[in-house]
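Asker: Before I ask anything, here is the structure I am working with.
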Amino acid sequence: MANHSTTGTHPHPPTRVYLVVWGWLFVLSAIAYFIDIWHVPQPFKAILLIAVALMKAGLIVAYFMHLRFERLNLIYAILAPLILLVAMVAGFLPDGVSVFLHRNY
């Protein structure tokens, strides 16, 4: 028989913690909605929406995926997709600029 040790595991937080996190996710979603309907300059709107999305992703990964106690995995779960997004934009940007410059209006 294998010896099942409980060392290294973390107890699940009480239901109240999940409800508070859900409340913050709701508030952040409302903030994103109002950022979208307000007349904010487009670049500033994009930055704000990305910041709100990263906050929401951090809450979801930390509490609902139980990575709150695993800091390195939490950082990787947030930063890896962001780094891949930047790489993708950097890869497709020259093609997009070329199409934009050669388009006849």
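Asker: Taking only pairs six or more apart or across chains, which ones have beta-carbon atoms under 6 Å, a first residue in the range 11-23 that is touching a residue at least 24 places away in the same chain (Cβ under 8 Å), and a second residue that is part of a helix (DSSP H, G or I)?
Answerer: Between residues of the range 11-23 that are touching a residue at least 24 places away in the same chain (Cβ under 8 Å) and residues that are part of a helix (DSSP H, G or I), the close pairs are 21/59; 21/63.
Asker: Among the residues in the range 31-50, are any surrounded by 13 or more Cβ atoms within 10 Å (Cβ to Cβ) and of a type in the set (Ser, Thr, Tyr)?
Answerer: No, because not a single residue in the range 31-50 is surrounded by 13 or more Cβ atoms within 10 Å (Cβ to Cβ) and of a type in the set (Ser, Thr, Tyr).
Asker: Quick check on residue 58: is it at pLDDT 85 or above, farther than 19 Å from residue 18 by Cα and not β-branched (Val, Ile, Thr)?
Answerer: Values: at pLDDT 85 or above: yes; farther than 19 Å from residue 18 by Cα: no; not β-branched (Val, Ile, Thr): yes.
In short, no.
Asker: Another question about this same structure. What is the residue count in the range 61-100 for residues that are basic (Lys, Arg) and in a helix (DSSP H, G or I)?
Answerer: 1
Asker: Something else: Quick check on my filter: what residues within the range 41-77 are within 16 Å of residue 12 (Cβ to Cβ) and hydroxyl-bearing (Ser, Thr, Tyr)?
Answerer: 63, the sole residue that qualifies.
Asker: Another one. Find all pairs meeting these conditions: Cβ atoms under 8 angstrom apart; at least six residues apart or on different chains; first residue within the range 39-63 and among the aromatic types (Phe, Trp, Tyr); second residue surrounded by 12 or more Cβ atoms within 10 Å (Cβ to Cβ) and not in a helix (DSSP H, G or I).
Answerer: Going by the 8 Å Cβ cut-off, the qualifying pairs are 63/13.
Asker: Identify, please: which residue in the range 23-60 is more than 12 Å from the chain's Cα centre (by Cα) and among the charged types (D, E, K, R) and is, among those, farthest from residue 86 (Cα to Cα)?
Answerer: Checking each candidate, the answer is 36.
The values are calculated or read from the model by the stated rules, or taken from the named source; none is laboratory data. Keep in mind it's a predicted model, so treat the numbers as computed, not measured. Cβ atoms come from the backbone with ideal geometry, glycine included; neighbour counts cover every protein chain shown.
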